[in-house]
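Engineer: Below: one structure in structure tokens.
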Amino acid sequence: MIRRETSAEIDAVAADWAARVDAAPLDGAAQAELDAWLESDTRRLGAYARARAMLAHAGRLQAFGTGFDPEAYRALHQASPPEAVETGLEPAVPLVRRRSFLLGGGAAVAAGAVAAVGFSWQAAAATYTTRRGEIRLIPFEDGSSMTLNTASTARVKFTATERHVELVEGEAMFDVARDHARPFVVAAGDMKVRAAATSFTVQRLASRPVQVMVRRGEVEIDRTGLRPMPAQRVTANMRAISTPTGAEIVTTPLAPAEVSREQAWREGMLSFEDVPLKQAADEFARYSDTRIAFADPAIGDETVTGLFAANNPVGFAKSVALSLDLKADPRAGDVVLRR
Amino acid sequence: MRGVSNERALWLARHILPHEPWLRAFIARMRLPEDLDVDDVVQEAYGKLASLESVDDVRNPRNYLYSVARMIVLMHIRRSKIVSIRAVDDLESYAVPANDPSPEQQVSDREQLHLLGLAVAELPEPSRKAFLLRMIDELSHKEIAERLGMSDNAVQKNIAKSIGILLKRLGRGGNGDAGASSIAQPHENRGSDDTARDERGN
């Protein structure tokens, strides 16, 4: 009995025939020869059809254009995970953009989710206000949150393209969830803070320059004044203050401990370290109607260290009097520190 | 005249070739008779599809491909001298797969081009140069022969060699080192098509 021809042997002959047909149309004799070969076994016809299909498939290579360097292509793209296929990216996207597209894959997915949520946010434009002494945590649907400090007002408007908060007055801390498709922007005076996945505080008080403090991540700050300045990047443990001239933003590094001290208000506390009493009194004034006054202005220059309840200026005054050998004199509407 | 028309070759390239790794994985799980291996079934399946009068009625090429392959295996089991009842039982239990999209089915044109680009990088020289001049620059075999300083016959051999290597690489899922081996190597996959099994992935 004749040995059964192996599939590999068939494949080799079939590839030869496919290449031969590719070279030029077969003449009568060659065609008869091919027909005879194909006749005897379905596998031969299959192998030949498969080889012809491969050549037809390889016609796609034209998309790469003349001068295509397969080795350079492989070096550049081999790391690309085939899972990208499953993200349903458009086949029409040119191959050269493959890599950048992959990086944006998450954003594309997020954008889809945002588009679905976007409509519900259209109605979500809202103004939040806290009274003196009130601290309010406002969670947003996107996973971000805003903690509004005492006597503050913020206008929030989330759209499909931007998460926008205007800090009208006061102070707020933002914990921003990442959303590439929708930047988180906080406007305060002429400062515009743009954030990704970040935790930062923006302060806008009547008597002080606007300031931004970054606890985690980084933000970009723009000024919307007459003279446009390049966006300035402010990273974690930095404070950015807008100068009164409006020309530039001054940044200073902060120790992490200082940053967390500055944000003690989120727990309803005020934390001071070697802070002049008059400055501490100003802080308390933000949280309470009860004023801290000094019988002698020199007392205001004494410094204080410690953690105090923000809504209890009288308790603070008594505590300070004890440590500085002063007398705290509570009266209607204020508490006076005297020697 | 039996042959394969250009239209049919293109149809196979578009609708069947992308599913070949998936098909191989299915066949590899079947209990094949001793004289039959995965490559045999694949060749026969292509043969059957090539000899169809028309493919206009093939709505779901992937499922059709599977039915054809299954029928081929069943036919061989019935013809084989030692009939394994279990083999038939096993085969009966392989229903035509549900119409859920397999990863291979989701392979986009863009991804196919990507795999093709990677596979071409595996071609040895001067086959690669000849193949690209043919496919991208659409030079004739004669022009390629002049350009590369080889005979017409050598160009044809290099094209054939390229076809063989690319089929091994792409037909089996585009990974593994199948592309590096010679196409003339006999029976390298008889009885154990590991590449196809790995394709299954679960």
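The values are calculated or read from the model by the stated rules, or taken from the named source; none is laboratory data. Note that the structure is a prediction, hence the values are computed from the model and not measured. Every residue, glycine among them, receives a Cβ derived from its backbone with ideal geometry; neighbour counts consider all protein chains shown. Only protein heavy atoms, including side chains, enter the accessible area calculation; ligands, DNA and RNA are left aside. Shrake-Rupley method; radii C 1.70, N 1.55, O 1.52, S 1.80 Å.
Engineer: Just need the relative contact order of segment A:274-339 here, percent rounded to a whole number, with Cα pairs under 8 Å and 6+ apart. Working shown, then result.
Structural biologist: Numbers: 100 pairs, mean separation 23.8, N = 66.
Dividing the mean separation by the residue count of segment A:274-339 yields 36 percent.
Engineer: All other residues with a Cβ under 12 Å from the Cβ of A:THR161 taken together, and with Lys, Arg as +1 and Asp, Glu as -1, what is their net charge?
Structural biologist: Values: positive: A:LYS157, A:ARG163, A:ARG182; negative: A:GLU162, A:ASP179.
Taking every Cβ under 12 Å from that of A:THR161, the sum is +1.
Engineer: Excluding ligands and nucleic acids, what accessible area in Å² is computed for A:THR159 using a 1.4 Å probe, to the nearest 10?
Structural biologist: 40 Å²
Engineer: Let a ≥ b ≥ c be the square roots of the eigenvalues of the Cα gyration tensor of segment A:268-338; is it rounded (a/c under 1.5), or, if not, prolate (a/b larger than b/c) or oblate? Walk me through the intermediate numbers first.
Structural biologist: Details: a/c = 1.44, a/b = 1.05, b/c = 1.37.
Verdict is rounded for segment A:268-338.
Engineer: Averaged over peptide A:23-35, how many Cβ atoms belonging to another chain are found within 10 Å of each residue's Cβ?
Structural biologist: On the way: counts 11, 5, 0, 1, 0, 0, 0, 0, 2, 1, 0, 4, 3.
Average neighbour count from other chains, rounded to a whole number: 2.
Engineer: Interface size between chain A and chain B, please: total buried accessible area, 1.4 Å probe, rounded to the nearest 100 Å².
Structural biologist: Approximately 5700 Å², summed over both chains.
Engineer: Going toward the positive end of the dipole of segment A:118-257, with +1 on Lys and Arg Cβ and -1 on Asp and Glu Cβ, which of A:LEU137, A:THR243, A:ASN149 do you reach last?
Structural biologist: Final value for the positive-end residue is A:THR243.
Engineer: Among A:46-54, A:291-299, how do they line up from the highest to the lowest mean number of other beta-carbon atoms within 10 Å? Don't skip to the answer; put the middle values down first.
Structural biologist: Numbers: A:46-54: 29.2, A:291-299: 15.0.
By packing density, highest mean first, the sequence is A:46-54, A:291-299.
Engineer: If you stretched the chain out fully between A:LYS318 and A:SER145, how much longer would it get, using 0.36 nm times the residue separation minus the C-alpha to C-alpha distance?
Structural biologist: On the way: separation 173, 0.36 × 173 = 62.28 nm, distance 3.54 nm.
In short, 58.7 nm is gained.
Engineer: How much accessible surface area, in Å² rounded to 10, belongs to the heavy atoms of A:VAL314 with a 1.4 Å probe?
Structural biologist: Spelled out: A:VAL314, probe radius 1.4 Å, area about 40 Å².
Engineer: Taking beta carbons within 10 Å but only from partner chains, what does the mean come to for residues A:60-72? List each step's numbers first, then the result.
Structural biologist: On the way: counts 7, 9, 5, 6, 7, 2, 5, 3, 6, 3, 11, 4, 1.
Per residue, the number of nearby Cβ atoms from other chains is 5 on average.
Engineer: Right, here's the next one. In peptide B:160-170, how many Cβ atoms from other protein chains are near each Cβ within 10 Å, on average? Each step should come with its number before you reach the end.
Structural biologist: On the way: counts 11, 4, 5, 15, 10, 2, 6, 10, 2, 0, 3.
Per residue, the number of nearby Cβ atoms from other chains is 6 on average.
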